[in-house]
Each structure stands twice: as C-alpha cells, then as structure tokens.
Amino acid sequence: MGKLFLLFVLLPIVEISLLISVGEQIGGWNTVAIVIATALVGSYIVRQQGLTTLIHAQQKMQQGTIPGQEVAEGLLLVIAGVMLVTPGFVTDALGFLFCLPMTRPLIAKGLLAKLSVQVVNQAQGGFNGQSAQGFGRSHSSNDDIIEGEYERKDQPKADSERLNKPD
C-alpha cells in the first residue's frame, strides 16, 4: 500500500515541482520541448529494443530454452514505454534506465532473482498455506479421500456402445 501511495501521490508532486523549477530556469516552452523530445526519443529506443528482445526470445524458444530473461526485459520495456510518455523528468530518467541495453539486462536479472525467490517461497509455503503438492487444489483435513473413476455394472450400456459391438 505504501508503494502505491508513493507512486500515485508523491511521484506526481515531485514531477510537478521539478517541471516548475526547470521551467523557471529555462522557460516553459523549452521545458515542454524537452518533455516531448524525451518521449519521442524514448519511444524510438523502446521500439528498437523491443524488437531486439523479441528476436532473442524467439531464438531461445527455437533452441528449446525458456526465454525468462527476455520476458523480464520485455516487461521492463513496457514499463519504460509508459514512463517515457508520462510527462516528467523523474519518470523519464527511470524509463531510460529500464530501456537502455546496458542497464535493462542487469535490472531484469535482479527482477528474475527476486521473482524466483518468491516462487520458491510460495512453493514451499504454498498459496494461502497450501502445500506445494496440492498447488491450486484445496485440501481437507481428512486424508482418506481416494480419487478415481468408476463404472456401474448394474445398468445396461448406452445404445451407442451396444451398436458398435457385433452381436
């Protein structure tokens, strides 16, 4: 909840105050021009890096490996694209960090490491306290349950089954 508060309340306040400060120093129209230029340059970089990441992911899938790094980088590129078209200098700086080819792989590796630790923790403890064996299924306290299939012998077989067998 605190992270959402920072994202939706404090970040816009910081962005607005920074835009006003820069606007006072270099002029309002120059500030607007810089914001538009960063959005255009950023969208171009995100597009180019996105295509490169997609090609790498396809190559890994053709080799039979999971493109985990590329998926994480793709997620970072989506976030970067949103940040770069959002007016402001802080979001532009973060957006460029997420989309540049020298910083994005490092951030993606950190993201994957954090996610893999969470997946391992959830597999050990389970979701809502469930064990890893029953992943996605609820368990009762009674372990005497046996799952299986049955066929009733006291009822005649369906017409379709009798028609298929020769008499």
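Values quoted throughout were computed directly from the atomic coordinates according to the rules given, and no laboratory measurement underlies them. Remember, predicted model here, so these are calculated numbers, not experimental data. With ideal geometry, Cβ positions are generated from the backbone for all residues, glycine too; neighbour counts draw on all protein chains shown.
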* Compute the signed sum of charges (Lys and Arg +1, Asp and Glu -1) over the other residues within less than 13 Å, Cβ to Cβ, of residue 74. => +1
* To do: At q = 0.22, 0.26 Å⁻¹, work out log10 I(q)/I(0) for the range 54-95 with the Debye formula, treating every Cα as an identical point scatterer and leaving solvent out; two decimals please.
  => -0.66, -0.77
* **Förster-model FRET efficiency, 25 Å R0, residue 66 and residue 103, C-beta, rounded to 0.05** => 0.60
* Asked: Taking 0.36 nm per intervening residue step and subtracting the Cα-Cα distance, what contour gain separates residue 146 from residue 41 on full extension?
  -> 31.7 nm
* To do: Could you tell me the convex hull volume per residue, in Å³, taken over the Cα atoms of the range 1-121?
  => 100 Å³
* Inter-label distance for residue 21 and residue 111, nm, one decimal - labels placed 7 Å from Cα along Cα-to-Cβ -> 2.8 nm
* **Isotropically averaged projected area of the range 1-53, using the convex hull of Cα atoms (one quarter of hull area), nm²** => 5.0 nm²
